[in-house]
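*Asks:* The structure follows.
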Amino acid sequence: MTTEPMAPTKPRPLTDQEFSRFRDFIYEKAGIHFTESKKYLLENRLAGRLRECGLSTFEEYYLFINTATHYGRAEMFNLFEAVTTNETFFFRNPPQLKVFETEILNRLIDDEQIKKGGKLRLWSVGCSSGEEPYTLAILIHELLRPYKDKWDVTILGHDISQEMLKKAEEGLYSDYSMRLTPEPIKNRYFEPNDNGFRVTDSVKAMVRFEFMNLKDHLRMRLISGMDIIFCRNVIIYFDESMKKSVIGHLHRALKPGGYLFIGHSESLHNISDAFKLIHFPGAIVYQKPAG
């Protein structure tokens with residue numbers, strides 16, 4: 001007679017000590033900060049990972065993600081994915097994108113330069129499943145037509161979620177992700193698919209996706225020569241120390257005169273005074289002084 005293995009029972013509530021332990025672990029490894037008010041959120045996300053791993057207690061799970069095995073390291077990144085929000089879609093925050101398209105790009109590229117060609121480097125920090133960098137690629141493609149072949153455009157998309165990066169590289173999206181995409185843009189830059197819409201190769205060729213942990217200071221220092229950086233709705237996950245560290249790296253990565261976009265509800269107040277604040281209708285942009 002055989003019996004089916006018992007499913008893991010629902011774990012008991014996360015204790016204050018366990019919360020502190022996981023909070024410190026996540027902060028140390030990824031820089032993501034959980035306040036006391038987010039204890040219930042963290043507990044729910046952890047409980048989901050316990051079920052996936054077939055474990056019964058938070059103590060078992062903590063020991064598991066701290067093991068030096070391949071499975072322990074892989075689960076650590078699953079945990080990071082579970083505690084971050086990957087909600088995004090194409091053409092998110094239209095006022096910011098309008099400023100990017102009509103003001104910032106025009107400041108970097110004049111009409112004569114469009115015809116001659118040149119180099120343009122952008123960085124999408126916390127790119128999730130790729131909608132933001134692909135949106136930027138489409139807007140640049142629209143501006144540079146019919147001179148796009150004369151331009152060397154690279155957009156880096158970095159994220160801590162391996163799962164989201166795989167989706168970004170695949171470039172296949174649902175109607176929900178496309179809900180703000182203008183119909184002419186959809187027809188020009190997406191191919192209908194049984195499962196949704198796939199980004200065309202001309203757009204995909206402009207974007208490169210890579211894993212990036214913003215806590216990895218050595219890797220962050222390797223990024224340089226950026227004309228424009230988008231880091232929207234990322235620093236809200238960090239405490240003041242981590243925010244200053246990340247923004248410092250972004251400032252270093254920008255060329256003199258380069259531009260930084262952050263989330264519309266975010267601010268660099270008390271974080272950095274190294275940028276010039278530029279007000280546009282519906283959006284604020286930060287610029288690294290030219291000299």
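Bear in mind these aren't lab numbers, they're just calculated from the coordinates by the rules spelled out. None of the values given here were measured: they were computed from a predicted structure. In this analysis, Cβ positions are derived from the backbone assuming ideal geometry, glycine residues included, and neighbour counts consider all displayed protein chains.
*Asks:* Can you give the FRET efficiency to the nearest 0.05 for T154 and S37, using r as the Cβ-Cβ distance and R₀ = 30 Å? Provide the component values of the computation, followed by the final result.
*Replies:* Numbers: r = 40 Å, r/R0 = 1.33.
Calculated transfer efficiency: 0.15.
*Asks:* Continuing with this model, one more query. Out of residues 5 or more away from H33 or on other chains, whose amide H comes under 5 Å of its own, with H placed 1.01 Å from N in the peptide plane?
*Replies:* Amide H to amide H, under 5 Å and 5 or more residues apart or across chains, H33 pairs with F238, D239.
*Asks:* Still on this model: On alpha carbon coordinates alone, what is the Rg over Rh value for the chain, Rh being the Kirkwood radius?
*Replies:* 1.02
*Asks:* With each run of n ≥ 4 DSSP H residues scored as -39500 (n - 2.57), what mean residue ellipticity at 222 nm is computed for the chain after dividing by its residue count and rounding to the nearest 500 deg cm²/dmol?
*Replies:* Per the formula, -12000 deg cm²/dmol.
*Asks:* Turning to a different aspect of this structure: Can you list the residues, at least 5 places off or on another chain, whose amide H is less than 5 Å from the amide H of F209, using H built in the peptide plane?
*Replies:* Correct list: G157.
*Asks:* Mind putting a number on the dipole of the stretch 16-83 about its Cα centre? Charges go on the C-beta only, +1 for Lys and Arg and -1 for Asp and Glu, and I need it in Debye to the nearest 20.
*Replies:* Details: 9 positive and 11 negative charges, 35 e Å.
About 160 debye.
*Asks:* Which value does Rg/Rh take for the stretch 157-291 over its C-alpha atoms, Rh per Kirkwood? Display every interim value, and only then the final one.
*Replies:* Details: Rg = 17.0 Å, Rh = 16.9 Å.
The Rg/Rh ratio comes out at 1.01.
*Asks:* Hey, got the Cα dimensions of the stretch 99-176 along the principal axes, in Å, largest first?
*Replies:* Ordered largest first, the stretch 99-176 gives principal extents of 42, 23, 23 Å.
*Asks:* Calculate the length of the line joining the C-alpha centroid of the stretch 119-192 to that of the stretch 60-89, in whole Å.
*Replies:* First find each Cα centre; the distance between them is then 27 Å.
*Asks:* Considering the options Y237, L180, V285, tell which one lies farthest towards the positive end of the dipole of the stretch 177-291, charges being +1 on Lys and Arg and -1 on Asp and Glu at the Cβ, about the Cα centre.
*Replies:* After comparing all options, I get V285.
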